[in-house]
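Shown next, in structure tokens, is the structure this report addresses.
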């Protein structure tokens, strides 16, 4: 059923509420709460908690999409907006706090980490610093790229895109600001469950090389742990953060619409379709839910291990997100464990290209070293189960490319070759860093405590067994249950993958993407150990070697919009293809407008479209916008300067009968550079 709002002339008018879909748990099996949890009652809990949401979408047209590494995947519209969700947790007595930001984003690069911290410092002084801010990405593969300061990640986007960078940084900061302003006495409850049938191990060949004690922890090669931290005020759930490991690759590499993928849909469904959250309304929303990643490096949502195709990937995305929501919502109905105790955190930087790893972490009783980062030939192949990258490469051995690269293109030193063995070094990218910053070598590692919950912030894609070893390392030091220690992958920066040394030897895609060699995971375990000891004992750690500030140094190769012009004999906003006169629920409405390039104004916190229904008094009320699952916004160039904008609306079941129309909002750029708002309104049509 579609809900309505009072009439408004503002483009910020959006859908206020949607239908509550009746859903079963379907595959989620909840852990039984303990006696202490069941007996917990009362108010208080010693915490102030704040929640916030903001739009962090970026460009939606003529920008390379991030994740699959494909030059041909250039954005051509919008399916769902990308949002940042933030939670501040503070002890009422000591005032110590942590800030968690979960962003519908492919990765969190150092560029964004630094920019958000800078904005927080300007607004709040030393209240939020690198020591207590954890920023993590959901890892959607359908987001815009071009917002890193390191060249490797901007190759498929033709350089740095300032508009997207600013949208991401501003969106994350605004979510944090909203959470800060929402601080109020709250209780935190933690629960765990089991969720199956949502993920598959896409690198079983590598996984099976691990010791039996690791493999036995994941009988099917899959991490099924789903964890929920929920926020309650006066007995009512007002927020939730879910952690579950599965890749954001439900949307395929052939898709051209910006989308938040499966985790974005899970959050959207719980917030908007269940709770009726109005994303564009002023003030704190009634409910905020974030679906965050853990150790999802080898966890694919494609259960048949076959890359998805478009348009079937839209339904696959919804199904995966719905299953994650169902598991989280079921946990929200259980007593859970009421958290108490300190809020604390530590962050250090390490030069991952030059770490001496002590014998207690290497596993063979010897001291080893990490090395300068190198791209393996199997990394160039991409994950064949989720979406291949460059042709001519394969997972596993690539002896041809190894021979060609090592004899024709460059020569790998014996020391580097040994340090990276058995990797077929395709690109010694650490050597290229000497000329221009391609990848980050000085990286942040973080440990956050919220009562009995511990989050290990790793700036990479951690496999389930690598994550298990990190979790065991921390749990053993702080004395926590293993399930209460989670890897927060994709956090604060990005350095590709983390595999176990045994998985690394297989040189599947994940091993080829473990840049710093076979001993990278033991180096991170060693660092996590130091963080855990410091957190347990209440001691300080030196910050370590901070990465250089690359602000203003990134290359921009793609020109911006020069001019918009309507098609010949048309004006901006004209309806080129009108809707039919009549539709039934379940059918698709499609309208084509004479539009303009959407890069002229990203409409962040706004909308490019509205679906409106006429009420009994003749006023038009908004029932959907460009943030809704039911709408799609397609952009296409028409000639040199003209644009065609196609808006579709899949009429949801339960939509009230009545008179509807489609409204387009755009912005056109003149030859002199002036940008002016434009609008198009379709003819009315009936929904029966």
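Brief remarks follow.
- In the set 521, 576, only one residue is surrounded by fewer than 19 Cβ atoms within 10 Å (Cβ to Cβ) and outside any loop (DSSP other than H, G, I, E, B); that residue is 576.
- Selection count where residues are over 23 Å from residue 233 (Cα atoms), part of a helix (DSSP H, G or I) and in contact with a strand residue (DSSP E or B) (Cβ under 6 Å, 6 or more places away or on another chain), scope the stretch 175-211: 1
- The lone exception for residue 572 - which of (1) over 36 Å from the mean Cα position of the chain (by Cα); (2) modelled with pLDDT of 95 or more it fails: (1)
- The sole residue among 114, 83, 118 that is surrounded by fewer than 24 Cβ atoms within 10 Å (Cβ to Cβ) and either in contact (Cβ under 8 Å) with a residue 12 or more places away in the chain or under 22 Å from residue 293 (Cα atoms) (or both) is 114.
- Set 640, 647: member being modelled with pLDDT under 95 and either in contact with a strand residue (DSSP E or B) (Cβ under 9 Å, 6 or more places away or on another chain) or surrounded by fewer than 16 Cβ atoms within 10 Å (Cβ to Cβ) (or both): 640
- Selection from the stretch 45-81 of residues that are closer than 21 Å to residue 383 by Cα and either touching a helix residue (DSSP H, G or I) at 6+ places or on another chain (Cβ under 6 Å) or assigned to a loop (DSSP other than H, G, I, E, B) (or both): 67, 68, 69, 70, 71, 72, 73
- Entry remark, the stretch 228-259: residues being out of contact with any helix residue (DSSP H, G or I) (no Cβ under 7 Å at 6 or more places or on another chain), part of a strand (DSSP E or B) and surrounded by 22 or more Cβ atoms within 10 Å (Cβ to Cβ) number 6 in total.
The values are calculated or read from the model by the stated rules, or taken from the named source; none is laboratory data. If you're wondering where the values come from, they're calculated on a predicted model, not measured in any experiment. Backbone-built Cβ (ideal geometry, glycine too); neighbour counts: all protein chains shown.
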